[in-house]
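Everything on this sheet refers to the single structure shown next.
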Amino acid sequence: MNKEREREIIEAIKEISAVKNIDKSKLLKIVEESLKFAVQKHYGEDGDYKVTINEATGEIKIERGLVIVENVEEPNLEISLEDAIESAPDEKSRKNAKLGDKFWEELSVEDVGRSAINRMKQLINTKVLAEERESLFNEFSAKVGMLVNGHIKKIDKAKGFVYVNLARLDAKMAFDEAIPDEIKNFRQGKLLKAVIIEVKKNNNKDPEIFLSRKSDEFLKKLLEFEVPEIEDESVVIKGIAREPGKRSKIAVMSVDDKIDPVGACVGVKGSRIHTIIRELNNEHIDIIQWSSDPTLYTQRAISPGVIIRAFKNEEMKTMKLVVKDDTKDKAIGKDGVNLKLASRLTGWNLQVISESEFKEELGKSSDINPIYELKDITENQKENLVKAGYKSVEEIVEKGIEELENIQGFGKKTAEKIMKSAKDYLKERESNNA
């Protein structure tokens, strides 16, 4: 076997093996298939060929399958019995050779022409490039939702894309996936953080990678990066609602009673959350503690609005919130953003009215249970009283403390507190009517 030609092929393999992200076994298979293609081009495409490469030694073996016949008519497909016996590699093969059998003739690499070898190299390059692109697609598809860093390579105003170099290939972010008004501050070479939102195959080109900075997922990944307690899952993000560039609300909970989830996210003197706020171009961020109690959860989510009453419709998933007069505007927020985010975060359709507006409605309607007027007890306790069938404050006093204690979640102290509130309410009403 011509060692120079074999060495030339081995060097081509080594050159290709330097390409990243291609499995070695796949690479060898590509080379074997490409060399087989070169052999077919040289000896004839109708032949039966086998090409194997010894991964350990680098030895290349090329064989052609010939049928043993009495009279050879097709030299590329047949061999005479006499020639098969003469060419057999060992005594056993010579004895076993018979008409009709397949004889594998070893071919020399030196007989494969240079032009065929060049075609082999071209085919290898084509297949390796396709394999590399497939590998890149699989790699980055697995990174959808992950945070990445890259330098801005180009800002294409005509197409509306920012191109970001991720070292191995470029990604792009549509202008409308950026935080509002930040594009004007982008410069070529600037380091940019973003989250991968989609990866697409692109025919005979590198895969397309799409980035976002306005998605909820981007904020989530920034939190995971800055807050170790989130990364190690001792603090869990239960929900995110975001109006990019304006305001975000994040609900968190702790699986460890010793950890304050809100404090962990904020950091010492706000160090952690301020880093995120700067990254988001001073977007306002509210972090609240999640609760399984919808009323309490909503009370936290609507902050800085202060809830006095909450009326729920479980079936319609709506909640009417009565807030202090001086906090109504804060509860709704500029352009309704605070209310919109609180609704999105809690999953309830929230409506807000002021305490004054509620009192007007109370005077006009008999549909509102006066139990919601009780003071010094929680909204959740009022909800439980109504669910237990209480229709008036008088009924609470009439049935007594023992009946209250039978309500699930109420103990003796809670029952006494509710009874005092009910009696105080009746006394105040009598005083006002006197």
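The values are calculated or read from the model by the stated rules, or taken from the named source; none is laboratory data. Nothing here was measured: the structure is a model prediction, and the numbers come from that model. For neighbour counting, all protein chains shown are included, and Cβ atoms are generated from backbone atoms with ideal geometry for every residue, glycine included. All accessible areas refer to the heavy atoms of the entire protein, side chains included, with ligands and DNA or RNA removed. Shrake-Rupley method; radii C 1.70, N 1.55, O 1.52, S 1.80 Å.
For the chain, what is the accessible area per residue in Å² when the probe is 1.4 Å?
On the way: 24380 Å² over 434 residues.
On a per-residue basis, 56 Å².
Considering every Cα-Cα pair within segment 122-188, what fraction, in whole percent, is farther apart than 16 Å? Display every interim value, and only then the final one.
Working: 1267 of 2211 pairs.
That tail contains 57 percent of the Cα-Cα pairs.
What residue among I152, I85, I277 has its Cα farthest toward the positive end of the dipole of the chain, where the charges are +1 on Lys, Arg and -1 on Asp, Glu, each on the Cβ?
After comparing all options, I get I277.
Please check: in the Gaussian network model of the chain (C-alpha springs, under 10 Å), which one of E405, E243, E229 has the largest mean-square fluctuation.
Highest fluctuation among the options: E405.
Within segment 294-434, what whole-number % of the accessible surface is contributed by carbon and sulfur, with the 1.4 Å probe and all protein chains included in the calculation? Please list the in-between numbers first.
On the way: 3670 of 8000 Å².
About 46 percent, which is the carbon plus sulfur part of the accessible surface.
Diagonalise the Cα gyration tensor of the chain and give the resulting equivalent ellipsoid semi-axes, square root of 5 times each eigenvalue, largest first, whole Å. Write down the numbers at each step before the final one.
Details: eigenvalues 1246, 146, 61 Å².
Equivalent-ellipsoid dimensions as semi-axes: 79, 27, 17 Å.
Using a simple charge model, +1 on the beta-carbon of Lys and Arg, -1 on the beta-carbon of Asp and Glu, nothing else, what dipole does the chain show about its Cα centre, in debye to the nearest 20?
Working: 75 positive and 82 negative charges, 440 e Å.
I would put it at about 2120 debye.
Students often forget the sequence filter, so: which aspartates and glutamates lie under 13 Å Cα-Cα from K214 once same-chain residues fewer than 8 apart are removed?
The qualifying aspartates and glutamates are D176, E177, D181, E182, E243, E279, E283.
When the accessible area of segment 83-218 is computed with all protein chains present and a 1.4 Å probe, what percentage of it is carbon and sulfur? Mind dumping the intermediate values first?
Numbers: 3660 of 7820 Å².
Ligands and nucleic acids excluded, carbon and sulfur give 47 percent.
So for segment 78-215, what are the equivalent ellipsoid semi-axes in whole Å, largest first, each being the square root of 5 times an eigenvalue of the Cα gyration tensor? Write down the numbers at each step before the final one.
Numbers: eigenvalues 702, 49, 24 Å².
Each semi-axis is the square root of five times an eigenvalue, giving 59, 16, 11 Å.
Please compute the net charge surrounding M253, taking Lys and Arg as +1 and Asp and Glu as -1 over other residues with Cβ under 13 Å from its Cβ. The partial results should precede the final answer.
Values: positive: K238, R300; negative: E229, E233, D256, D257, D260, D293.
That sum, taken over residues with Cβ under 13 Å, equals -4.
Past 26 Å, Cα to Cα: identify those pairs from K41/K201; K127/K193; K172/K246; K317/K391; K238/K330; K143/K220, in the order given. It would help to have the intermediate numbers written out before the result.
Numbers: K41/K201 32 Å; K127/K193 33 Å; K172/K246 24 Å; K317/K391 22 Å; K238/K330 24 Å; K143/K220 15 Å.
The pairs that break the limit, which is 26 Å between Cα atoms, are K41/K201; K127/K193.
For the chain, modelled as a GNM with alpha-carbon contacts under 10 angstrom, which of I85, I250, I287 fluctuates the most?
Fluctuation is largest for I85.
In terms of the ratio Rg/(2.2 N^0.38 Å) built on C-alpha atoms, what value belongs to segment 190-329?
Numbers: Rg = 18.2 Å, N = 140, 2.2 N^0.38 = 14.4 Å.
Cα Rg divided by the expected 2.2 N^0.38 Å: 1.26.
Working from the pairwise distances between different alpha carbons, so that the mean of 1/r is found and then inverted, what is segment 38-91's Kirkwood radius in Å?
Numbers: mean 1/r = 0.0790 Å⁻¹.
Over segment 38-91, the inverse of the mean reciprocal pair distance is 12.7 Å.
Kindly state, to the nearest 0.05, the FRET efficiency for K143 paired with L191, given R0 = 22 Å and r defined as their beta-carbon distance.
Numbers: r = 18 Å, r/R0 = 0.83.
Calculated value: 0.75.
Rounded to the nearest 20 Debye, what is the dipole magnitude of segment 247-324 about its Cα centre when Lys and Arg each give +1 and Asp and Glu each give -1 at the C-beta?
Values: 12 positive and 9 negative charges, 68 e Å.
Dipole of segment 247-324, to the nearest 20 debye: 320 debye.
Please name whichever of V397, L222, V236 sits farthest to the positive end of the charge dipole of the chain, dipole taken about the Cα centre and charges placed at Cβ: Lys and Arg +1, Asp and Glu -1.
V397
Charges at C-beta only: +1 for Lys and Arg, -1 for Asp and Glu. How large is the resulting dipole of segment 74-202 about its Cα centre, in Debye rounded to 20? Walk me through the numbers on the way to the answer.
Details: 23 positive and 23 negative charges, 285 e Å.
About 1360 debye.
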